[in-house]
Amino acid sequence: MKILIADDNALSRKILQSALSRPEYELIVACDGKQALEKIQQPDSADLLILDWIMPGMDGVEVCHHARQSERPLPQYIILLTSRGEKRDIVTGLEAGADDYVTKPFDEKELLARVQAGFRILNLQSALAKRAKELEEALLEVKTLEGLLPICSYCRKIRNDKDYWQELELYVEEHSDARFSHGICPGCYEKIVKPQIGKKTKQT
């Protein structure tokens, strides 16, 4: 699980790295907003971002804006670090795209708890996206068997998309997960199988 830390203060970066130094976390460090944005735009960028609000050149709120505009399969979870504790400042940060915030000086246990909560949300989003994709694929499979199917009135073969005639069961198996097990219905047993058994009995 990758975490990007962006803070222009060297001491603050050290404290953040120390608080998040765990085997399950891979830390990526940026010294300012511009460097953070460059790292975020890379294909294998971090899933969770911890951004200091006040940084030279580009602050954490601006980085938030850019991060939310990037095209990713799943959004990144963003935590803003700020010494601003007033409600209007918090609202500004959340409106910019932040998911959470931690006020400075921060408590290491609180920060770690918020990071863990962030990864739980990311895992849920990933699971939901995977499930949605599976449902979409299942719906596509169902749709392939909807509508009118050209079938021969005599041999019961289906004309497929390539204008070839093929057995009904082969067509269904190719367009769905259905498989056939063969048996004999009572009607066919009386009309076909039973007379054949009778003929064989007479012959013997």
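Select from region 154-177 the residues that are surrounded by 11 or more Cβ atoms within 10 Å (Cβ to Cβ) and assigned to a loop (DSSP other than H, G, I, E, B) and list them in ascending order.
If the condition is that a residue be surrounded by 11 or more Cβ atoms within 10 Å (Cβ to Cβ) and assigned to a loop (DSSP other than H, G, I, E, B), then 157, 160, 167, 176 are the ones that fit.
Give the residues of region 103-123 that are without any contact (Cβ under 8 Å) to a residue 24 or more places away in the chain and of a type in the set (Val, Ile, Thr), sorted by residue number.
Correct list: 103 only.
Is it fair to say residue 28 is among the aliphatic types (A, V, I, L, M) and within 22 Å of the chain's Cα centre (by Cα)?
Criteria not met by residue 28.
Quick one: is residue 176 modelled with pLDDT of 75 or more and either touching a helix residue (DSSP H, G or I) at 6+ places or on another chain (Cβ under 6 Å) or among the small types (Gly, Ala, Ser) (or both)?
no
Any residue at all in region 58-72 that is modelled with pLDDT under 90, assigned by TED's automatic domain parsing to the domain that holds residue 123 and of a type in the set (S, T, N, Q)?
Yes, region 58-72 contains at least one residue that is modelled with pLDDT under 90, assigned by TED's automatic domain parsing to the domain that holds residue 123 and of a type in the set (S, T, N, Q).
Exactly one of these conditions fails for residue 68: (1) touching a residue at least 24 places away in the same chain (Cβ under 8 Å); (2) over 24 Å from the mean Cα position of the chain (by Cα); (3) assigned to a helix (DSSP H, G or I). Give me its number.
Condition not satisfied by residue 68: (2).
Assess whether residue 78 counts as being in contact (Cβ under 8 Å) with a residue 60 or more places away in the chain, assigned by TED's automatic domain parsing to the domain that holds residue 27 and not aromatic (Phe, Trp, Tyr).
Spelling it out, it is not the case that residue 78 is in contact (Cβ under 8 Å) with a residue 60 or more places away in the chain, assigned by TED's automatic domain parsing to the domain that holds residue 27 and not aromatic (Phe, Trp, Tyr).
Could you tell me whether any residue of region 77-96 is at pLDDT 90 or above, part of a loop (DSSP other than H, G, I, E, B) and on the phi < 0 side of the Ramachandran plot?
no
The values are calculated or read from the model by the stated rules, or taken from the named source; none is laboratory data. As the structure is a computational prediction, the values presented were derived from the model and not from experiment. Every residue, glycine as well, gets a Cβ built from its backbone with ideal geometry; the counts of neighbours run over all protein chains shown.
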